[in-house]
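Working notes for the structure below.
No lab work stands behind these numbers, since they all come straight from the coordinates. These numbers come from a predicted model, not from an experiment. When we count neighbours, we look across all protein chains shown, and the Cβ atoms used for this are built from the backbone with ideal geometry, even at glycine.
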Amino acid sequence: MKRHVCFVLPSLNGGGAERAAVQLLNGLDASTWDRSMFLFERTGPYLNDVAGDITLESAPHPSRVARWRSFRNFVRQARPNVVMAFLSFGSALTAARAAGAGAKVVFNQQTPVSAFLTDADYAWSRGWRRAAFTAGSRVVYSGADLIVATSRGVADDLTRNFGVSPDAMRVLPNPVDLDAVRARAAEPLAPGEQLRTGDPVVVAAGRLADAKNYPLLIDAIAKLRARVPARLFILGQGELESSLRRQVIDRGLADAVTFLGFQANPWKFIAQADVFALSSHYEGFGNVLIESMALGVPVVATASAGTRDIVESESNGLMVHNHTVDALASALGRVLENRELRDAMSRAALHAAERFAAPRVIAEYDTLLRELAA
C-alpha cells in the first residue's frame, strides 16, 4: 500500500531549501509514494519544476491565520503519513497536530540557527527578538518527531544551542543533480559570456547579502592581485550590490571584478573558473560547492557548519578556517599559482561530488521516510 508524504514550505521563492525540497519530492518513487506539496504562498521560480503528478496545494488567502487553517484542513483531508517542513516549522507543526491525522512531523533544517541569528539582514538577530526566537525555537524543535539536518555542523548547533538531542536528528545532505549541472555547463556560450582572457579566473555565486560576505572576497582579490593578476566574476543579485560596487571602485578593482547578475544557467560560467570561491560567514550546506566540484573546478571556502562536510582541505579544495583577508587571499593564491595542485584538486573534486548525487541522497531519504511511515 502506498504511503503519503507531504512537503510544506512558505513558498518556492529561490533558495537552497526550496530547490532541495522540489528535487527530493520529484525524485521519490511515485509507485511507492503519494506525494503532495503545500505552499503557504503559491509563488517562486521553482513552481514549474514540481513534477506534474505531485499534488500541489496552497493557501487561498495571504493572512497567517488563513494559511495555518488551510494547511490544517489539507492535512485533515489528505491524511499524509509524514509531513516534512522546510522553514515555517512552528506553523507546520501546530497545524499538522491540530489536524488530528496522526502524521509524523519532520523538520528539514538547512541552516545553522545560531549563525542565522547573527545575520545583519534579519531583525531576529537583535535585542529581545533574539531571546524570544531562541526560546520559541527550543519549544518548537522539541515538538517534532524528527529533525533532518543538512550537515553535521547544523546538527551540532541544534544540540549545543537549542537543546535538541542527537537521537532526535538525522544528518542527510541535499541532493545535487550532477548530470543536469554538467549538461547545463556544456551549453554554448553567447557572445560576451567568455570569461577567459588569459588571466586566472575566480568565480563566486550567491545572493549579494550579508551572509555571503562578499566584502571579504573583494578585499582578498585586491591583496591577491599584488602577485597574481586574477579576475573575479560574481554571479547573483541582492540588496548589497550598490555597496559592493562602491567597494570595488574604492579598491581600484573596476577592471578586475565583474558583476554578472542573476544567471539562469550559472554553471556555464562556473565551468570556466580556475577556482570557485565561497567566502560566506556561514552555510548550512553549500549546494554551489558541490556543483562546482561536479564540474572539476577546485574550490576555496571559508569554514562553516555546512562547508566542513563538503570540502576536504588539501584534497578536493582548500578550507579557510580564519575568515580574514590574508587567509583567503593566500588560499586562492596557492590554487592559482600551482597548476599541479589545481589539477589534483580538480580530479578529487569530481570524485567527491558523487557522494551528493541525487539518486544516492534520494534513496537515503526514501529509507528514512519509510521508517517514519511505518
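Give me the orientation-averaged projected area of the Cα convex hull of the range 178-355, in nm², one decimal.
9.2 nm²
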Find how many whole Å separate the alpha carbon centroid of the range 310-362 from the alpha carbon centroid of the range 1-19. 30 Å
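What is the magnitude of the charge dipole of the chain about its Cα centre, with +1 placed on the Cβ of each Lys and Arg, -1 on the Cβ of each Asp and Glu, and no other charges, expressed in debye to the nearest 20?
Dipole about the Cα centre, nearest 20: 960 debye.
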HN-Hα J couplings of the range 77-82 from phi, Karplus 6.51/-1.76/1.60, θ = phi - 60°, integer Hz, Gly and Pro as x? 7, 7, 6, x, 6, 9
In a GNM of the chain with a 10 Å cut-off on Cα contacts, which of Val139, Val202, Val176 has the highest mean-square fluctuation? Val139
Separation of the Glu371 and Asn13 label points, Cα + 7 Å toward Cβ, nm: 3.5 nm
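Per the helix-only calculation at 222 nm, which mean residue ellipticity applies to the chain, given -39500 (n - 2.57) for every DSSP H run of n ≥ 4 and division by its residues, nearest 500 deg cm²/dmol? Each step should come with its number before you reach the end.
Numbers: 14 runs with 154 residues, N = 374.
After summing the helix terms and dividing by the residues of the chain, the value is -12500 deg cm²/dmol.
In debye to the nearest 20, how big a dipole does the range 20-162 give about its Cα centre with +1 on each Lys and Arg Cβ and -1 on each Asp and Glu Cβ?
Around 660 debye, computed over the range 20-162.
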Potential lengthening between Ala30 and His321 on full extension [0.36 nm per residue; Cα-Cα distance subtracted]: 100.5 nm
Using 0.36 nm per residue of separation minus the Cα-Cα distance, give me the extension gain between Gln263 and Thr134 in nm, one decimal. 42.9 nm
In degrees rounded to 10, the 0-90 angle between helix 241-250 Cα long axis and the longest Cα principal axis of the chain is 20 degrees
If R₀ is 30 angstrom, what is the calculated FRET efficiency for the pair Thr118 and Arg64, using the beta carbon separation as r and rounding to 0.05? 0.70
What lysines could a cross-link reach from Lys2, if we take a straight Cα to Cα line under 23 Å and drop same-chain neighbours fewer than 8 places away? Lys104
Segment Arg79-Thr55, length gained on full extension (0.36 nm per residue, minus Cα span): 7.3 nm
Which of Leu295, Ala185, Pro166 sits closest to the plus end of the dipole of the chain, meaning its Cα is farthest towards the positive end, when Lys and Arg get +1 and Asp and Glu get -1 on the C-beta? Pro166
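Check each of the GluC sites (Glu not before Pro) in the range 153-261 and keep only those in coil by DSSP with at most 12 other C-beta atoms within 10 angstrom; list them in order.
Working: sites: Glu193, Glu239, Glu241; in loops: Glu193, Glu239.
The qualifying sites are Glu239.
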In the range 304-374, trypsin sites (Lys or Arg not before Pro) in a DSSP loop with at most 13 other beta-carbon atoms within 10 Å: none
Tell me which label goes with the value of Cα extents along the principal axes in Å computed from the coordinates here: (1) 65, 47, 37; (2) 133, 64, 42; (3) 62, 46, 43. (1)
